1. Return the whole-Å distance between the Cα centroid of region B:259-315 and the Cα centroid of region B:118-178.
2. Show which lysines lie in cross-link reach of residue B:148 when reach means a straight Cα distance below 22 angstrom and same-chain residues fewer than eight apart are skipped.
3. Return the average number of partner chain Cβ atoms within 10 angstrom of each residue Cβ along peptide B:140-151.
4. Ranked by Cβ crowding within 10 angstrom, fewest neighbours first, how are B:168, B:24, A:159 ordered?
5. I need the shape label for region B:135-181. Rule: rounded when a/c is under 1.5, else prolate if a/b > b/c, else oblate, with a, b, c from the alpha carbon gyration tensor.
6. Given the options B:112, B:45, B:28, which has the most mean-square fluctuation in a GNM of chain B, springs set between C-alpha atoms less than 10 angstrom apart?
7. Can you give the convex hull volume of the alpha carbon atoms of region B:5-245 per residue, in Å³?
8. I need the phi-derived Karplus couplings for region A:175-191: 6.51 cos²θ - 1.76 cosθ + 1.60, θ = phi - 60°, integer Hz, Gly and Pro marked x.
Amino acid sequence: MINRRAFTAGASAAALGTVASPYVLRAGAADASIKVGVINSMSGSYAAYAQEGDPAFRYVIDKINKGGGIKSMGGAKIELVFADDTSQPARCATEVRRLVTEEKVDLLTGTMLSSQMLAISPVLDELQTPCLSVWAGGSRSSWLYTLGYDYDRGYAKTMADFATWLRDKNGFSIKTWSPCYSNYEAGQQVNKHLLKRMGDAGFKALEEAPLDTKAQDQTAAMIRLRSAKPDLALGLVTPRDGLLLHQARYNLNYHGSIFAGGTGGYSDLTLWRDLSPDIAKAVLTRNLFAMTGFSPSAKMASMQAIVTELRDQAKLQRIGQAAIQSAQAARVLQRAIEAAGSRDKKALLDGFKKVEIKFGDPDLYVAKPSGVKFADDRLLEDGSAFFVQWMEDKTQQVLYPEQFANAKPRPRA
Amino acid sequence: MRPDFWPALRSPIPWALLALAATMPFLLPNYYLHILTITLVYAALASAWNIVGGIAGQISLAHSLFVGAGAMLASALLVKLGINMWLGMIIAAAASAAMGAAVSFIDYRFRLGHLSFALITMAFAEMAEIYVTNTEFLGGASGLFLPKDKGDLLAFQFGGINGVYWIMLGMAAACVAVNFAILSSPLGYNLRSIRDNENAAQAIGVGLLRNKTLAMTISAVLTSIIGTIYARYLAFVDPYLLVSPVLTIEIVLFATVGGLGTALGPALGAFILAPLGEILRGHLGGFLPGLHYFVYGLVVVGVILLMPAGVWPSLRDRVLRKPAAAGN
């Protein structure tokens, strides 16, 4: 029988033990190292990104360390200090504060989506520590660089260019379109830019069908689309909303529009599992094109090489866009630190400006025809992405841009 | 006022504690000062909520509406219209007071029971979140990004974390003092009688509408002001944090664990749970995600089982060997 005193003592010991354990684990770390704080959303609503990306990131960093570390710093090893922001922007800012002031990290990285980027920007400015975000669609701090797609020249431009390409180069009859997007921060922002770009390209916008991110069913949005019957439904859709949207489309048996958009809501492999193969086959392989930053079938040797390596060497089960993006982040960090040659934070920040991974370099994992290089706004100069179509065997064919393409778009059915 | 209010205020102990707390920016490292600042925000919010939820026994789940009004409206007025944030804070507080009064009127008009009141207020909170995240003027789902804090007090800038800490310390102390004052005043007696038996209170002449509205208005105004200061501190005004019903749940949890209906309990609950959550996540989240939730939950369950009336009433009874007087 556990009495009250024993319970209190036991709970206190357990709490103290777990709090102390990270210090015990870290006691053996080498001195000749550069400390990188990694803030991932390992729990909460964005956890899918981090849980897929984290093993790939750790694998590449481990490979860098085993390969001799940072050469310009005499072989210094990269030491990672992890934190979980539970997918909450304010907590991400708190973790930045903790890692910089308590753990004394030299620079930061992590999944950090746009809302987290906004929350940490004032803290980065205050603490003057460089940071590389894997996913943020912008940068509001001069200390923050990001590999994420810019809302305009990343997402909106790729989508609008693809729609134009379908119409002008492939003979698709597309005159009207309806914005169909997840109604949250990124979805709204991308849609704002998309409205302008699609208008400039001569497409007529019909009624919008925003997807309620808390809804358990997207039938209402699909009915709205069926009523407007645009030639194209286009927008940024999250995996969860995409799942519900495709389910609703199947239930209503609606095929009057072309569905295109990204990223996870259209391109994530989990759609096949969650929709069930029969439903997925009926909706994903018919009048649907998916935007993604990664496809294993893309004609790009260095991308295919890292996929093979992550699968065969690292034994990773899930190798999707998040894994490749995170692996790329590890290589960008390596290049930035090499360029800095010291732990000085200003030098590290300048190191990011010097990062350039050209097309054809084996360290280029993401599909960027112009390679990885940061523009003055601290986002990648090349914000382009793929458009793919699903095949019945769950594989993807890359359609756009033509440089990476291995197929032509399937005609409208 | 009850006779023990003014002597308590004249006692050197609270002032000494306040003076000691004011030295923390010089003693604590940046991260722990941040946690203490966040803790003060929650202590103030829990104390403000306690006026309605604890003393009057009206479990309001709409307080994220008032935090959101203070944070989003004052920020939007600054960012979109260039209105000084001091003025924005007053406008937002007035709007919160009006919304609080409206909620009280609905409660009175339809004689909502405790459960119905909680559900109705939760619906208001949900509606507020949907409205804010779809309203461009209030920043939509993207939120608002405030200008850099350069320490210009006239522009509602406090010079960074130290300044915000002192402001929040004063605000938290003020909220606790308001709780003390209400508990020691006729309003406190009226609210407690409404909490214990609304029909009986009305039968002996306690005005339900007047007292409930007064309590809700005071609580809403305080909550709104805290929301504005918190927004200024964060600089990024995130609707999913500041207008989220989850925020209210946290406030209710802190107040309940600390001791509902007491003046010090809600603040004490925040001082126990807010740093615990932050520190556990900081130290455990990195190597075993989710474990901090487990440990946090374990502590909350443990405290509730061991001290069902809340930490403050239990401590007071055990340490001071003084049986609880109702509402103290």
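Every read-out reported here was derived from the displayed coordinates using simple, explicitly stated rules and does not represent laboratory data. Given the structure is predicted, the values throughout are model-derived calculations rather than measurements. Don't worry about glycine lacking a Cβ; one is built from the backbone with ideal geometry, like all the others, and counts go over all protein chains shown.
1. Their Cα centres are 24 Å away from one another.
2. A:345, A:346, B:80
3. That average works out to 4.
4. Result, fewest neighbours first: B:24, B:168, A:159.
5. Numbers: a/c = 3.23, a/b = 1.48, b/c = 2.17.
The shape class here is oblate.
6. B:28
7. On the way: hull volume 29.3 nm³, N = 241.
Enclosed volume per residue, from the Cα hull, is 121 Å³.
8. 10, 10, 8, 10, x, 10, 9, 5, 8, 9, 3, 5, x, 5, 5, 4, 4
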